[in-house]
Amino acid sequence: MKDVEGRKRAIIENVHPQINGGKYPVKRTPGERVTVRADIFVDGHDKVDAALLYRRVPEKKSKATSKWQETAMVFLGNDHWEASFTPLKTGYYEYTIIAWINYYGTWQDGLRKKFEARQDVRVELISGAQMMEDAVERVSAAQKKKLKMWSKLLRSTKDQKQAEAVHIALSMEASTIMHEAQEHGFTKTYYRNLGVKVERQKALFSAWYEFFPRSTSPVEGSHGTFADCERILPEIARMGFDVIYLPPIHPVGKSHRKGLNNATVATEHDPGSPWAIGGSEGGHKSIHPELGDPEEFKRLVKKANELGLEVALDFAIQCSPDHPYVKEHPDWFKWRPDGTIQYAENPPKKYQDVLPVYFETADWENLWKELKSIVDFWIANGVKIFRVDNPHTKPFAFWEWLISEIHHKHPDVIFLAEAFTRPRVMEQLAKIGFSQSYTYFTWRNTAAELQEYVTELTRTELREYFRPNFWPNTPDILPISLEHKPEPAFIARLILACTLSSNYGIYGPLFEFGLNRPYPGKEEYIDSEKYEIKHWDWSRLTRTKEIITLMNEIRRENPALQTTWHVEFCKSDNPNLLCYVKTDQYKQNQMLIAVNLDSEHVQSGWIKVPRLFMELEPEATLSLHDLLTGSRYMWREEWNYVELHPQKIPAHVFRIEIEE
C-alpha cells in the first residue's frame, strides 16, 4: 500500500500542451502566452479546485532553485479547466498542475441548498465554524481576527442569527480567505513536470533575404567578394529584412564539378555548386579564396549587425570528393564494392560532385564531435543563425544531441530546417530542437489549400512546437505559382507569405526582379544560379521590391503580423479571394488581409467578417485602413464587398479600428 495515494482523490488528465507525453518541450518566445488545459475531477459530489504551477529552470551551472509560481485554474465546464502563464525570459520553463478537494466550497454548496430549502442549518454552521477555526493558523493576523469573529457567529444558537451567519459563510470575502488557508495535505500533483523552451524573438518573427555572395560583383563576369556583399547590405536593410542567408561560402570541389544547368561536364570557367563543399583550400571551416579571408568575413558580419541584419550561414553536411575529410577520415564515407566512393543520388538525379557523410561509421562519436566543431567555429565568428541543408537525411539522434549541446552554451542560436519531406519527419525535426522549418506553403496555391494548411499549422498540436517559415521560392524551386506568371503573382505570393507566417523569406534577386522561366519539364529555374555566377543591378527598382519594402514596414508596426498563430479565415463567395483576420494574442491589434489569387483578372466578391473571433459586438462598425494604398473604408455589415485588380494591387492589407 506504500505507493497508493489513498487520500489524494483528485484526477488530472488530458493535460495540454504536452508533446509526446512530455518528452519534448513546447516552444515560445518571451511574452508569448502558454495556455494550459486539463480535465480535472473527483469521485462523488465534492468540489475540486486546481492551480497551474510554473517556474523558470535555472541554468545547469547554477545551484539556485527557482520557486514555483501559482495561478488559479478556471473551470470551463464539464470537468475542463484552463490557466495561462507568460514566460518573460529566454531559457527553459516547466509547469505542472495541482488539484485538491475544496472542502469549504463543498460545505458552502450544501449549506446554500439546505438554507434555501428552509431546513435547519445549525449543525452545518457548526461544521463551518470548525473549518474556520482549523484555518486560523494559516492566515494573516487581520484574517485571523475575522475568522475568529465569524466562527463565533456560526456557533450561535439564536435563530435570528442564522441568516446573518449564512450570509457571511457564503460571502466572497470568506470564500477568498478560506481558499488561501486551504490545507494541501491531500493535494494531487500531476505525475510529471512539462517543459517550455523559450527562444529569442527572432525565432518567431524574422524576414530572410537569400543571395549568392559570388554574384555580388559590380563587374559582370567577375566573382563577388565579401566587400561586394557589404556594398549591397544597406539596400537589403532598407527593404526591411533582418536576416541575410548565404549559401555555402566554403571552397568548391573540382572533381566531378557540375557545369551550367547541372551539366555533368564543366568547363574550366564554371564555378561549380557551392554545395559541393571542400577542396585543396580546406573544408567547412574554410572560406572560398575568391570571396575573401576570415577577417573580411568578420567585417561583413559586423557591418550587417550595424544595419540591423544578422548573417545566416548554410550548414550542409556533405563534401566534395576533394574535401580534406575524404583523405583524413575515409571511414566517414560509404565505399562501394568496386572501390569507388558513394556519391549522392536521388534517382534519377545524380550528384557526382557531392558525397554524403556516412553516419553509421564505427567512428561516429568523433564524426559527431567534428560536425559540432563546425557550428562552434562559425559561432565564434559571429554567426548565430544556421539554415541546415536537408537535415532529414541525417539521424534525428545527432540533431537532438547537437542542438542541445549548442544551446547549452549558446541559447540564442537559431536553426532553420530545410526539409521538404514527409510531415512526420518534418515534425520530428521541430520536436528535437529546430527553431524554424521550411514548409509546404510553396506548393499550396488555391484558397482551400492555403486555408487547410494554415489551419493545420495553427489549430493543431503543431502550433506548440513547429514554427513555419514561408518561402515563395528557393534556388532549388521555381513553383508553379510563379512559373511564367506576371508581377502580380509575385506580389500576391509575397503578401501571403509574410502575413500568414511571421517568419518568411525570399530567394532575393530572382524574386524581386520577377524571374519566372523554368527549366523545361522541371519545377526549377533555368540557368540556375547554383551553377553559375550572375550579375544583378541591386539598385534596380521594381513594383515588387516596393511592395516588399512596404510589407516589411507594415509587419514591424503591427504585432498581429509578428505571430503566426492568431488567424481566422473569412467566408467568401469567390474561391479566387482568400481573406483572413490576424490578431496579436490580446486582440488589441487586428488586421484583415484579402488577396486575389488570380494574377491576371479582376476578382470580386463578398466576405464575412469573423466577429466572434475578433470579439466584436454585433453592431460594431469597423474602420479599415488599407496600409498598402492609404484608402479607408467603413464596414457596418457582417458581409462586405471586395474587388481587387491585380495590375493595380492584388491585395488589401487592412488595419482594423473599432468605431465607438
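The values are calculated or read from the model by the stated rules, or taken from the named source; none is laboratory data. Everything quoted here is computed from the prediction, not taken from an experiment. Quick reminder, even Gly has a Cβ in these numbers, built from the backbone with ideal geometry, and neighbours come from all protein chains shown. All accessible areas refer to the heavy atoms of the entire protein, side chains included, with ligands and DNA or RNA removed. Shrake-Rupley method; radii C 1.70, N 1.55, O 1.52, S 1.80 Å.
How far apart, in nm, are the 7 Å Cα→Cβ label points at Asp79 and Glu290? So the label points at Asp79 and Glu290 sit 6.9 nm apart. Here the ratio of the Cα radius of gyration of the stretch 474-584 to 2.2 N^0.38 Å is 1.19. For the stretch 220-364, dividing the convex hull volume of the Cα atoms by the residue count gives 151 Å³ per residue. Note on Lys254 and Lys349: their simple-model spin labels are 2.7 nm apart, each label 7 Å out from Cα toward Cβ. First measure r as the distance between the Cβ atoms of Thr187 and Thr267, then evaluate 1/(1 + (r/R0)^6) with R0 = 60 Å and state the FRET efficiency to the nearest 0.05. Result of the calculation: an efficiency of 0.20.
Both the radius of gyration and Dmax for the stretch 107-238 are 34.5, 104 Å, in that order, over alpha-carbon atoms.
Quick check: residue separation of Arg636 and Thr393 times 0.36 nm, minus the Cα distance between them. What number comes out in nm? Before the final figure, lay out each step's value.
On the way: separation 243, 0.36 × 243 = 87.48 nm, distance 5.33 nm.
Computed gain between Arg636 and Thr393 is 82.1 nm.
For the pair Trp335 and Asn366 in one chain, pulling the backbone fully straight at 0.36 nm per residue adds 9.3 nm over the alpha carbon distance.
Note on the stretch 544-660: lysine pairs with Cα distance below 28 Å, sequence gap of 8 or more or different chains, count 10. Cβ-Cβ distance of Ala620 and Tyr519, R₀ of 41 Å, FRET efficiency by 1/(1 + (r/R0)^6): the value works out to about 0.20. The string of couplings for the stretch 466-482 from the Karplus curve (6.51, -1.76, 1.60, θ = phi - 60°) is 10, 9, x, 10, 8, 10, x, 8, 9, x, 8, 10, 10, x, 4, 4, 10 Hz, one whole number per residue in order, with x for Gly and Pro. Per-residue ellipticity at 222 nm from helix content only, as computed over the chain with -39500 (n - 2.57) for each DSSP H run of at least four residues, stands at -8500 deg cm²/dmol. If the segment from Lys89 to Lys571 were pulled out straight at 0.36 nm per residue, it would be longer than the present Cα-Cα gap by 169.7 nm.
So what is Rg over Rh here for the stretch 551-660, counting just Cα atoms and using Kirkwood for Rh? Walk me through the numbers before you get to the answer.
On the way: Rg = 13.2 Å, Rh = 14.1 Å.
Result: Rg/Rh = 0.94.
May I ask what percent, to the nearest 5, of DSSP beta bridges between residues of the chain are antiparallel?
Details: 77 of 105 bridges.
Expressed as a percentage, antiparallel bridges in the chain total about 75.
When peptides 602-612, 73-83 are sorted by average Cβ neighbour count within 10 Å, with the highest value leading, the order is 602-612, 73-83. Placing R0 at 56 angstrom, the Cβ-Cβ distance between Trp606 and His167 gives a FRET efficiency of 0.50 after rounding to 0.05.
Between the amide H of Gly259 and those of Thr264, Val265, Ala266, distances stay under 5 Å, these residues lying 5 or more places away or on another chain, with hydrogens modeled in the peptide plane.
The 3J(HN,Hα) values that the Karplus relation (6.51, -1.76, 1.60; θ = phi - 60°) gives for the stretch 522-534 are, in residue order, 10, 8, 9, 6, 7, 6, 4, 5, 5, 10, 8, 8, 9 Hz. Gly and Pro appear as x. Counting only C-alpha contacts under 8 Å and six or more residues apart, can you give the relative contact order of the chain as a whole percent? About 10 percent, as a whole number. Scalar couplings 3J(HN,Hα) for the stretch 278-292, obtained by applying the Karplus form with A = 6.51, B = -1.76, C = 1.60 to θ = phi - 60°, are x, x, 5, 7, x, x, 6, 9, 10, 10, 4, x, 6, 7, x Hz; x denotes Gly and Pro. Treating each Cα of the stretch 1-126 as one equal point scatterer and applying the Debye formula with no solvent, the log10 of I(q)/I(0) at q = 0.14, 0.20, 0.21 Å⁻¹ comes out as -0.77, -1.17, -1.23.
So what is the accessible area of the stretch 117-228 per residue, in Å², with the probe set to 1.4 Å?
For the stretch 117-228, the per-residue accessible area is 52 Å².
Close amide H pairs (under 5 Å, H built 1.01 Å from N) link Ile317 with Asp389, residues at least 5 positions away or on another chain. Of the peptides 333-344, 425-436, the order by per-residue mean of other Cβ atoms within 10 Å, starting with the highest, comes out as 425-436, 333-344.
The residues of the stretch 331-420 expose on average 48 square angstrom of accessible surface per residue, using a 1.4 Å probe on protein heavy atoms. The distance separating the Cα centre of the stretch 494-530 from that of the stretch 259-334 comes to 23 Å. Annotation: amide H-H contacts under 5 Å for His288 (H modelled 1.01 Å from N, sequence separation of 5 or more, or interchain): His250. Averaging the sequence gap over all C-alpha pairs within less than 8 Å and six or more residues apart, then dividing by the number of residues, gives the stretch 1-129 a relative contact order of 27 percent. With both bridge residues required to lie in the stretch 370-527, what share of the DSSP beta bridges run antiparallel, to the nearest 5%? Taking every DSSP beta bridge within the stretch 370-527, about 20 percent pair in antiparallel fashion.
Would you please calculate the Kirkwood hydrodynamic radius of the chain over all C-alpha pairs and express it in Å, rounded to one decimal? Roughly 28.6 Å, rounded to one decimal. Using the structure shown, list the pairs from Lys258/Lys372; Lys254/Lys530; Lys89/Lys188; Lys202/Lys298; Lys302/Lys384; Lys258/Lys384 with a Cα-Cα distance above 19 Å, or answer none. Pairs exceeding 19 Å: Lys258/Lys372; Lys89/Lys188; Lys202/Lys298; Lys258/Lys384. Quickly work out the Glu137-to-Thr65 label distance, labels modelled 7 Å from Cα along the C-beta direction, and quote it in nm with one decimal. Spacing of the two 7 Å Cα→Cβ label points: 2.3 nm.
Rg(Cα) of the stretch 307-372 divided by 2.2 N^0.38 Å? Please list the in-between numbers first.
Working: Rg = 14.4 Å, N = 66, 2.2 N^0.38 = 10.8 Å.
That works out to 1.33 for the stretch 307-372.
Averaged over residues, the count of other Cβ atoms within 10 Å places the peptides 497-508, 11-22, 113-124 in the sequence 497-508, 11-22, 113-124, highest first.
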